[in-house]
Amino acid sequence: MNQQVNNRKVNTFKTIYLLVLCLITIAAICFGTFVHTGTGFNFGFNFGKHITKEWKEADLSSTCNGLDINMNVGEVIIMADGKSSISFEGKKAMAPTVNVSNGIWTLRQKTKNKAIGSVFTGRGRLCRVKVHLPSDTDLNSLRLTCKAGDITLRDLHAKSMDLSVSAGDLDLTGSTVGQLTAKLSMGDFDIKDSSIQTVETTLSMGDLEAKDVEIGNFSADMSMGDITLKSKTDLSKATMDLRTSMGDVSVNKEKQGSKYHVTSDPSDHILDIKNSMGDIDILW
């Protein structure tokens, strides 16, 4: 009887502790977003007139084998659609600089956003950057940092991707990637119809959904949100370490409680997923 009472006390304390931890995490993320995006409590939108700008193939003067993009505020779309250009649409002061060296296209947005409203309601309207690549482009690397804005990646081939988003969603579709590293502070991460050898991702607040994917090794560390992985390949011989503090683990529609661990020798795939608050659902 005393043991049951003690267990209830421990579980109650654990629940309260995790809730407090999540509230602190949310507050820290919001504060960090305001600081790193340069957001203050000025509700004005003083960024000059709305413009469109385009860098065509002749301006870029080099076949692209790498992308290095750093944005403060704005939506970024990268697609291999048979073209070779970069376009910008938005406020004049938000336009990035574009440089090309040794096949690497570098984009830098120096202007910081000073309006709190634009982070949550106006980031797409303030600025949109589109990068068009030839269909046969094989990138050695794609490095992208965006402090506030949604990221869309379509039909890309890359040996490595290093992606970081402070506030915004990340969408990767129809792509083939060797090594993918992704860090999101506040936003959802969607992967669809893609083949990735190795995934390492960290999400502070948001859902991760990977559907119709071929993945070798998959590592995820999540603070608050659900994760769903639907693999095209058989994971019956995979080594899995799945654990959640507040949520359920499900493997091929069979509930496993809050933890699931299986070791296969030899192992075709390794899945290492930790979730502080949220469900883990693995399907194949």
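Tabulated results
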quantity: Solvent-accessible area per residue, Å², over the range 184-284 with all protein chains present [probe radius 1.4 Å]; calculated: 47
quantity: Segment N140-E57, length gained on full extension (0.36 nm per residue, minus Cα span); calculated: 27.9 nm
quantity: Under-5 Å amide H pairs with I51, H placed in peptide plane, nonlocal only; calculated: G90, K91, K92
quantity: 30 Å Cα-Cα threshold exceeded, pairs from K83/K192; K147/K232; K147/K211; K159/K237; K130/K192; calculated: K147/K232
quantity: Carbon/sulfur fraction of accessible area - the range 135-284, other protein chains in place, 1.4 Å, %; calculated: 42
quantity: Peptides 272-283, 58-69 ordered by average Cβ neighbours within 10 Å, highest first; calculated: 272-283, 58-69
quantity: Nonlocal amide H pairs with R143, under 5 Å, H built at 1.01 Å; calculated: L67, D68, I69, D162
quantity: Formal net charge of residues neighbouring D188 (Cβ-Cβ distance under 14 Å; K, R +1; D, E -1); calculated: -4
quantity: Hz values of 3J(HN,Hα) by residue in the range 90-104 - Karplus curve (6.51, -1.76, 1.60), Gly and Pro given as x; calculated: x, 5, 4, 5, 8, 5, x, 8, 10, 10, 10, 8, 6, x, 9
quantity: Largest-first principal axis extents, alpha carbons of the range 190-239, Å; calculated: 29, 22, 16
quantity: Calculated from backbone phi, Karplus (6.51, -1.76, 1.60) coupling profile of the range 224-235 in Hz, x at Gly/Pro; calculated: 8, x, 8, 10, 10, 10, 10, 8, 6, 9, 6, 10
quantity: 5 angstrom amide H check on D279, placed H, neighbours 5+ away; calculated: D226, I227, D248
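The values are calculated or read from the model by the stated rules, or taken from the named source; none is laboratory data. Worth saying up front: this structure is predicted, and the values here are computed from it rather than measured. Heads up, the Cβs are rebuilt from the backbone with ideal geometry, glycines too, and the neighbour counts pull from every protein chain shown. When the accessible area is computed, the model is the full protein with side chains, heavy atoms only, and any ligands, DNA or RNA have been set aside. Shrake-Rupley method; radii C 1.70, N 1.55, O 1.52, S 1.80 Å.
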